[in-house]
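Note sheet for the following structure.
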Ligand SMILES: [Zn+2]
């Protein structure tokens, strides 16, 4: 084989590697200065880990939440129907916008946790938890839509799964998903999920995707930006809101969200006719 053939072969291998491990693409590639490439090594590891296994992994986290009602007191849906219907309506608008890759593969189940924390999270497989304190803290349904979009993007991009694989290894995560994990491995999974924050790169991807998701709804597509602007201002006033401890933030965050909204030219008019104030007042 001459040198030219070797160079061609190397280039092909390089191309194949990039093709099989490249980052997930957004629907607006011309605007992807605001949608960074993150961890391609873990991306490659997940090739053999199905979205069904994401769901099974999420169910293990849900079981831990259900087993600890003191830490995670869930508001009963039957008693707080208007709050649940609002959050579920937000979710459905995002899902029906056509931009959630795992719309059918994941559960996208909503639970409201009755605590004053400024927090929300989403497990692998799309089990979404929103704190009543966060709903009450926000000013408009658009801002909550932004938070929901951000959390759903973390699940859709399989960020938690990737980080859990990084922390415990792919074989352990497969074992846990299949129900073969040891008690110690399950405990470590819970600790890792609830205490370790996302990388800044994953945060930026989730922010960008939330703008894309909201661009297909009647909400202000920069809702995530106004949410972070308010949270960052609260953080400067003293204690750090819990959301920021697991979703690290930097000053450029709001700017990146606004830049992406400008680039994809999405609607920035707040949704009209919402009853957000009434829903806030209905919460305990
Ligand atoms: Zn986040």
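The values are calculated or read from the model by the stated rules, or taken from the named source; none is laboratory data. Keep in mind it's a predicted model, so treat the numbers as computed, not measured. Because the Cβ atoms are built from the backbone with ideal geometry, glycine has one as well, and the counts that use them run over all protein chains shown.
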- For the range 1-80, which helices (runs of 4 or more DSSP H) that fit wholly inside it have 3 or more residues that are modelled with pLDDT of 70 or more and closer than 28 Å to residue 186 by Cβ? 40-45, 51-66
- Kindly indicate whether any position in the range 120-131 is over 13 Å from residue 243 (Cβ atoms), within 14 Å of the ligand (Cβ to nearest atom) and in a strand (DSSP E or B). yes
- Of the numbered conditions (1) in a helix (DSSP H, G or I); (2) surrounded by fewer than 24 Cβ atoms within 10 Å (Cβ to Cβ), residue 142 fails exactly one; give the number of that condition. (2)
- What is the number of the single condition among (1) within 29 Å of residue 75 (Cα to Cα); (2) within 15 Å of the ligand (Cβ to nearest atom); (3) at pLDDT below 95 that residue 139 does not meet? (2)
- So, of the residues in the range 273-284 that are part of a loop (DSSP other than H, G, I, E, B) and touching a residue at least 40 places away in the same chain (Cβ under 8 Å), which turns out to be surrounded by the fewest Cβ atoms within 10 Å (Cβ to Cβ)? 284
- Query: Pairs under 6 Å by beta carbon, first residue on the phi > 0 side of the Ramachandran plot and crowded, with 16+ Cβ neighbours inside 10 Å in the range 103-116, partner assigned to a loop (DSSP other than H, G, I, E, B) and modelled with pLDDT of 95 or more, six or more apart or different chains?
  - Reply: 108/126
- Heads up, the helices (runs of 4 or more DSSP H) in the range 155-261 (entirely inside) with at least 3 residues that are away from the ligand (no atom under 13 Å from the Cβ) and under 18 Å from the mean Cα position of the chain (by Cα) are 159-168, 183-195, 200-214, 223-236
- Item | Failed item in (1) modelled with pLDDT of 85 or more; (2) under 19 Å from residue 97 (Cβ atoms), with residue 202 passing the rest | (2)
